[in-house]
Amino acid sequence: MFRGTFTALVTPFRNGDVDLAALEKLIERQIAAAITGLVAVGTTGESPTLTDEEKQAIIERCVKIGRGRCKVIAGTGSNSTHHAIEATKLAEKTGADGALLVAPYYNKPSQEGLFRHFKAIAGATSLPIVLYNIPGRCSVDILPETVVRLAEACRNIVSIKEASGSVERVAELRRRLPDEFTILSGDDSLTLPFMSVGAAGVVSVATNLFPSEVCALVRACESGDLKSAQTLHRKLLPLFKDLFIEPNPVPIKTALSWRGGMSGEVRLPLCEMSEANQTRLRKTLEEFEARK
């Protein structure tokens, strides 16, 4: 169900408030580039510092603009199972096409706890669910056997955003999961290697800035055009890497602000990039543009 190129949308701020006008322009640029879908209020959208009301307003705006033109996946994960259930129900009522559910962070549940958490959420909604495994942020890893259990137990758990950084993990998941269960890369720089062993696309940060180029990379991988995919990967790799020289989404929002149309504001505890890293990112962007 979920395959292709999905943009992990930033949340634009202006003077401390969510800038819905800038968000609309960003969404329209994504749709114009033929993005498959949008992921609203995930990590890149600074979900930890958004109020529930702000999250709802952003999801509503994404659904309103994207309806019939692209898929909308709402970030509804939490380390509180009850809170995640309520957020997922609201996203379903709003008209989202799916829900992205990050592993419970800080609590550090066992694999059985993870299974029960996701199973409870899946049982409370008919929305298709994308699991989100990012052990580097959550300090807990959704192991393959738990993903397999969930796929077997819950018909609406249909995909996983895999951000463990392991090609071997993706290969194992692909071997053990049903064909219709999709795996999405959670790292731009690993899109090509992950898709080479069975992933079906990417949830991308870089598409906020360069959606057409990342879509082209994914299409080349999907069609088996390895030469074109490798060429695009090599061209994009310095950009992929330097968009993470400081905590996401600080670099991507900084780059978007240079383009104009939105502020580079982030909310504490995130803060602006260092001058040295801004210089490095500008240089990488200039070199990328020169090669286009």
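Applying the set (1) open to solvent by 50 Å² or more (accessible area, probe 1.4 Å); (2) within 26 Å of Ala33 (Cβ to Cβ); (3) over 14 Å from the mean Cα position of the chain (by Cα) to Gly123 leaves exactly one unmet item: (2). Between Pro238, Pro249, the distinction of being touching a Gly at 6+ places or on another chain (Cβ under 8 Å) and modelled with pLDDT of 95 or more belongs to Pro249 only.
Picking from residues in segment 27-41 that are in contact with a helix residue (DSSP H, G or I) (Cβ under 6 Å, 6 or more places away or on another chain) and more than 16 Å from Gly4 (Cβ to Cβ), the one that is surrounded by the fewest Cβ atoms within 10 Å (Cβ to Cβ) is Ile27. For the condition among the small types (Gly, Ala, Ser), out of contact with any Gly (no Cβ under 8 Å at 6 or more places or on another chain), open to solvent by 10 Å² or more (accessible area, probe 1.4 Å) and without any contact (Cβ under 8 Å) to a residue 24 or more places away in the chain, Gly186 does not qualify.
The helices (runs of 4 or more DSSP H) found wholly in segment 189-287 and carrying at least 1 residues that are of a type in the set (A, V, I, L, M, F, W, C) and open to solvent by 40 Å² or more (accessible area, probe 1.4 Å) occupy 226-242, 250-259.
Per-residue answers, yes or no, for (1) closer than 23 Å to Ala40 by Cα; (2) under 20 Å from the mean Cα position of the chain (by Cα); (3) at pLDDT 95 or above:
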{"position": "His117", "(1), (2), (3)": "yes, no, yes"}
{"position": "Asp141", "(1), (2), (3)": "yes, yes, yes"}
{"position": "Ser164", "(1), (2), (3)": "yes, yes, yes"}
{"position": "Arg169", "(1), (2), (3)": "no, yes, yes"}
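Residues of segment 126-147 that are in a helix (DSSP H, G or I) and either at positive phi or open to solvent by 20 Å² or more (accessible area, probe 1.4 Å) (or both): Pro135, Gly136, Arg137, Glu145.
The values are calculated or read from the model by the stated rules, or taken from the named source; none is laboratory data. Computed from a predicted structure; not experimentally measured. Note that each Cβ is placed from the backbone with ideal geometry, even for glycine, and that neighbours are counted across all protein chains shown. Please note that ligands, DNA and RNA were not included when accessible areas were found on the heavy atoms of the full protein model with its side chains. Shrake-Rupley method; radii C 1.70, N 1.55, O 1.52, S 1.80 Å.
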